[in-house]
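The values are calculated or read from the model by the stated rules, or taken from the named source; none is laboratory data. Just so it is clear, the structure is predicted and the values come from calculations on it, not from any experiment. Positions of Cβ are generated from backbone atoms using ideal geometry, with glycine treated the same way; all protein chains shown enter the neighbour counts.
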Amino acid sequence: MPRPIRKATPLGLVLDPAAVLPLHRQIGQQVRRAILERRLAPGQRLPSSRVMASELDVARGTVLLAMDQLIAEGYVVAQAASGLSVANDLPDEMLTAPPGKGAPPAASRTAPTAALSRRARAALRDAPTACGFDDAPLAFPTGQPDRAAFPFALWAKLLEREWRQPSWTVAGALHPFGHDGLRRAIAAYLGAARGFTCAFEAIVVTTGVRQSLSLLAELVLDRGEAAWIEEPGFVGTREALALADVRAVPVPVDSQGFVLDKALAAEPAARLAVVAPSHQFPLGSVLGLQRRLALLSWAERREGWIAEDDFDGEYRYAGRPLAPLRALDRSGRVAYLGSFSKLLFPALRLSYIVLPAGLAPAAEVLMAAVPARPSLLGQGALARFIADGHFATHLRRTRLLYAGRQEALLAGLERHLAGWLESAGDPGGMHLIARPVAALAPRFDDRVVAAAAAQAGITVSPLSACHAGRHRRHGLLLGYAATPEDEIDRACARLSRVLHDVVPLRRRSA
């Protein structure tokens with residue numbers, strides 16, 4: 001049972017033991033805010049660490065940790081005779097009063113945002129409310145694997161083995177496509193696990209799907225040409241095409257995925273289709289065989305290209321993973337995109353693209369000029385990780401783990417949010433979509449809910465942000481892979497309280 005919320009008297013601190021933020025950071029943030037808002041005056045003495053620890057009912061070490069950080073930042077000074085006090089030399093312009101007590105004009109408070117460019121303001125508006133950069137586990141970030149499940153001790157040994165005596169080529173000027181051993185390991189893995197063969201010379205190691213896709217777009221399209229993208233879809237797809245000066249044309253998807261007829265009606269001149277046929281993001285639909293064959297036939301007739309984003313195709317909880325579109329390609333028109341960051345750990349920043357063989361020579365020239373290439377540090381270790389069978393073992397283990405977490409999330413949604421949200425199981429992937437029930441849908445703003453959830457320590461992504469067009473469906477994307485199973489039910493209960501606070505009360509009469 002979590003302890004109840006506690007309050008202290010002299011500084012007015014309020015600690016929540018159930019919050020995601022550690023107690024020492026709660027103390028530090030609240031004291032810092034009190035100083036900046038002039039509730040603690042320059043030079044004012046602070047209670048001793050023993051007194052604060054006693055009144056807050058926390059360990060003294062917790063208070064000392066918070067105070068040490070404030071001292072390092074210059075907000076608090078420590079003097080041997082008088083203990084801790086607020087620094088005297090904080091600049092006046094940094095000290096503000098709460099609204100209604102001499103606060104600066106609204107214009108000055110909003111000046112930094114108003115000074116931004118239009119595209120920067122648009123990026124800020126469309127950004128996820130919380131990005132999951134905190135150290136603590138968060139419910140429910142999307143695209144995040146369980147870092148605790150990754151064998152970092154083994155990874156450290158592989159790194160050490162790789163760099164103890166690196167080869168001449170690894171320590172020198174690396175090929176623009178990346179580590180030779182990693183590309184060979186990827187080719188072998190794809191042949192065994194994903195059902196298609198490819199030459200390692202056509203594999204390019206990249207920093208992520210954005211770099212993979214922008215490279216492909218530069219190879220096959222000229223500036224201003226059109227590419228079809230799925231609507232709704234991954235925001236990074238639009239960003240990658242924009243980097244290549246390619247015009248993205250949204251094509252609405254249905255329960256069976258990408259619809260070629262709608263694409264042709266929207267932009268008949270397009271020569272690139274960006275699709276996720278094995279598990280569409282975010283809806284989770286699977287592209288059927290007839291539509292796959294029709295799309296391949298279009299690419300061959302039109303001399304067009306298909307970018308197949310298989311970002312989480314390995315995670316199927318019913319039957320074997322679906323065969324990629326690339327396995328059906330007979331005319332060399334499909335580029336296959338994969339990511340290790342979503343399967344292993346985000347900081348790895350390693351993805352890849354399997355190019356049609358004819359594009360490799362030009363791609364080598366383009367990649368040689370790219371200033372930001374993927375880090376070499378982990379590429380050799382990853383090659384060993386795959387070749388020695390650890391990657392396949394990790395996928396089998398996490399596949400079972402994530403299947404259990406999806407079940408736990410569905411149970412938590414039913415227990416705490418049945419009158420608010422509805423969701424269904426997905427045979428694959430790493431997230432679920434929770435949509436408002438019919439009575440709430442007209443008044444449900446997923447961005448407002450996401451912002452309120454972030455304040456409560458929960459990361460959810462608004463479904464509406466995945467839409468490029470004006471017609472936007474609202475709902476919440478709930479990633480479960482990175483959330484420990486014993487945290488899921490509690491997070492669902494907290495999300496229920498968030499909805500009680502932000503969704504209009506007339507929901508029941510609707």
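Assorted remarks:
- Pair list, Cβ under 7 Å, 6 or more apart: the range 27-40 residue closer than 12 Å to A87 by Cα and in contact (Cβ under 8 Å) with a residue 12 or more places away in the chain, other residue polar (S, T, N, Q) and buried (at least 16 other Cβ atoms within 10 Å of the Cβ): L36/T96
- Checklist (1) under 27 Å from L154 (Cβ atoms); (2) in a helix (DSSP H, G or I); (3) in contact with a Ser or Thr (Cβ under 7 Å, 6 or more places away or on another chain) applied to L401, failing item: (3)
- Among the residues listed as G233, G284, G288, the single one being farther than 29 Å from L376 by Cα and touching an Asp or Glu at 6+ places or on another chain (Cβ under 8 Å): G284
- Residue within the range 455-466 that is in a helix (DSSP H, G or I) and either more than 24 Å from S341 (Cβ to Cβ) or aromatic (F, W, Y) (or both) present: yes
- Only one of the listed residues (A265, A307, A294) is touching a strand residue (DSSP E or B) at 6+ places or on another chain (Cβ under 7 Å), aliphatic (A, V, I, L, M) and either surrounded by fewer than 22 Cβ atoms within 10 Å (Cβ to Cβ) or modelled with pLDDT of 95 or more (or both). That residue is A307.
- Listed by position, the strands (runs of 3 or more DSSP E) contained in the range 184-255 that have at least 1 residues being free of Cβ contacts under 8 Å to residues at least 60 places away in the same chain, buried (at least 22 other Cβ atoms within 10 Å of the Cβ) and touching a helix residue (DSSP H, G or I) at 6+ places or on another chain (Cβ under 9 Å) are 226-231, 247-252.
- In the range 454-470, the residues that are among the small types (G, A, S) and either under 21 Å from S285 (Cβ atoms) or modelled with pLDDT of 95 or more (or both): S461, S464, A465, A468, G469
- The residues in the range 36-90 that are part of a strand (DSSP E or B), of a type outside the set (G, A, S) and loosely packed, with under 14 Cβ neighbours inside 10 Å can be counted, and the count is 2.
- Just one of the numbered conditions (1) in a loop (DSSP other than H, G, I, E, B); (2) out of contact with any Leu (no Cβ under 7 Å at 6 or more places or on another chain) is not true of G313: (2).
- Being buried (at least 18 other Cβ atoms within 10 Å of the Cβ), at pLDDT 90 or above, closer than 30 Å to R473 by Cβ and not β-branched (V, I, T) is a condition met by at least one residue of the range 145-166.
- Qualifying residue in the range 436-444 (condition: outside the structural domain of G313 (by TED's automatic domain parsing), within 21 Å of the chain's Cα centre (by Cα), surrounded by fewer than 22 Cβ atoms within 10 Å (Cβ to Cβ) and in contact (Cβ under 8 Å) with a residue 60 or more places away in the chain): no
- Residue in the range 203-224 that is in contact with a Pro (Cβ under 6 Å, 6 or more places away or on another chain) and aliphatic (A, V, I, L, M) present: yes
- Subset of the range 307-344 that is closer than 19 Å to W228 by Cα and among the aliphatic types (A, V, I, L, M) - its residue that is nearest to the chain's Cα centre (by Cα): L337
- Looking across the range 418-432, the residues that are closer than 29 Å to F345 by Cβ, assigned to a strand (DSSP E or B) and at pLDDT 95 or above come down to H431, L432.
- Residue within the range 347-368 that is surrounded by fewer than 17 Cβ atoms within 10 Å (Cβ to Cβ), assigned to a loop (DSSP other than H, G, I, E, B), touching a residue at least 60 places away in the same chain (Cβ under 8 Å) and in contact with a helix residue (DSSP H, G or I) (Cβ under 9 Å, 6 or more places away or on another chain) present: no
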